[in-house]
1. Are there any strands (runs of 3 or more DSSP E) wholly within the stretch 95-154 with 1 or more residues that are open to solvent by less than 20 Å² (accessible area, probe 1.4 Å) and farther than 15 Å from Leu68 by Cβ, and if so which?
2. When the residues of the stretch 1-59 are filtered to those that are polar (S, T, N, Q) and at pLDDT below 95, which remaining residue is nearest to Val75 (Cα to Cα)?
3. How about the stretch 54-69: which of its residues are over 14 Å from the mean Cα position of the chain (by Cα) and part of a loop (DSSP other than H, G, I, E, B)?
4. Given the condition in contact with an Asp or Glu (Cβ under 9 Å, 6 or more places away or on another chain), among the polar types (S, T, N, Q) and at positive phi, answer yes or no: does some residue in the stretch 7-14 qualify?
5. Return yes or no: is Val13 open to solvent by less than 40 Å² (accessible area, probe 1.4 Å) and within 25 Å of Leu134 (Cα to Cα)?
6. Please name all residue pairs, on different chains or six or more residues apart, with Cβ atoms under 9 Å, provided the first residue is in the stretch 1-17 and is more than 17 Å from Ser63 (Cβ to Cβ) and touching a residue at least 60 places away in the same chain (Cβ under 8 Å) and the second residue is assigned to a loop (DSSP other than H, G, I, E, B) and open to solvent by 30 Å² or more (accessible area, probe 1.4 Å).
7. Could you give every pair whose Cβ atoms fall below 6 Å, whose first residue belongs to the stretch 135-146 and is over 24 Å from Ser121 (Cβ atoms), and whose second residue is part of a loop (DSSP other than H, G, I, E, B) and not basic (Lys, Arg), counting only separations of at least 6 or pairs across chains?
Amino acid sequence: MLAAGASSRYGGVKQRELLPAVLAALRETSLSEIVVVEGAHALDAPGARVVRCPDWERGPGASLRCGLAALGPAVERAVVVLADGPDLDPRAVERLAAHPSPVAAASYDGVRSHPVALDRSVWDAVPDAGGRALDAVLVDCSDLRPPGDRDERR
């Protein structure tokens, strides 16, 4: 889970407010490990392993690379979610984890979103711009609720 940003538009540390909902959704999946990448703010993530990304200011790709590097050598595929997507549906995580494409991204009504699944074969290709810069097969998740992307308090 990427949670390294400064949350400057939010008016507070949005990761601390939204992280519990995303963690709860991830706990409903078959994922074997949950890694939370922190950067601008120290985070508490019960039940997950928190890794610090010292280069978080370089962009989401730097945070993503930190999280991927923290995974063990036996991990062949990672599902990436965002801490500011509190409406994450666990079924979307499962759908992306099972998809055979090396890079697969959820889409809701044709719009690319999260989660995103990455095979180990593409991890070294992640640019500073993040996973959005990778060409992905879109996996229709329109039947599920989208995770949201909160940049401002409601």
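The values are calculated or read from the model by the stated rules, or taken from the named source; none is laboratory data. Just so it is clear, the model here is predicted, and its values are computed rather than measured. In this analysis, Cβ positions are derived from the backbone assuming ideal geometry, glycine residues included, and neighbour counts consider all displayed protein chains. The protein model used for the area step is the full one, side chains on, heavy atoms only, and it has no ligands, DNA or RNA in it. Shrake-Rupley method; radii C 1.70, N 1.55, O 1.52, S 1.80 Å.
1. Answer list for the stretch 95-154: 103-108, 137-140.
2. Going through the stretch 1-59, the residues polar (S, T, N, Q) turn out to be 7-8, 15, 29-30, 32.
Those still in the list that are at pLDDT below 95 too: 7-8, 15, 32.
Working: Ser7: 30, Ser8: 33, Gln15: 26, Ser32: 9 Å.
Of everything passing the filter in the stretch 1-59, Ser32 is nearest to Val75 (Cα to Cα).
3. Across the stretch 54-69, the qualifying residues are Pro54, Asp55.
4. The initial filter retains those residues of the stretch 7-14 that are in contact with an Asp or Glu (Cβ under 9 Å, 6 or more places away or on another chain), namely 7, 9-11, 14.
Within this subset, residues satisfying the condition of being among the polar types (S, T, N, Q) are 7.
Now drop any that are not at positive phi, which leaves 7.
Yes, because at least one residue in the stretch 7-14 is in contact with an Asp or Glu (Cβ under 9 Å, 6 or more places away or on another chain), among the polar types (S, T, N, Q) and at positive phi.
5. On the way: open to solvent by less than 40 Å² (accessible area, probe 1.4 Å): yes; within 25 Å of Leu134 (Cα to Cα): no.
When the stated conditions are applied, Val13 does not pass them.
6. Cβ pairs passing all conditions: Arg9/Asp151; Arg9/Glu152; Gly11/Glu152; Gly11/Arg153; Gly12/Arg153.
7. Ser142/Asp109; Leu144/Asp89; Arg145/Asp87; Arg145/Asp89
So that you can scan it fast, the table gives a plain yes or no per residue for (1) within 21 Å of Pro127 (Cβ to Cβ); (2) touching a Gly at 6+ places or on another chain (Cβ under 6 Å); (3) among the basic types (Lys, Arg):
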{"position": "Lys14", "(1), (2), (3)": "no, no, yes"}
{"position": "Glu33", "(1), (2), (3)": "no, no, no"}
{"position": "His41", "(1), (2), (3)": "no, no, no"}
{"position": "Pro46", "(1), (2), (3)": "no, no, no"}
{"position": "Arg65", "(1), (2), (3)": "yes, no, yes"}
{"position": "Ala74", "(1), (2), (3)": "no, no, no"}
{"position": "Ala92", "(1), (2), (3)": "no, no, no"}
{"position": "Ser101", "(1), (2), (3)": "yes, no, no"}
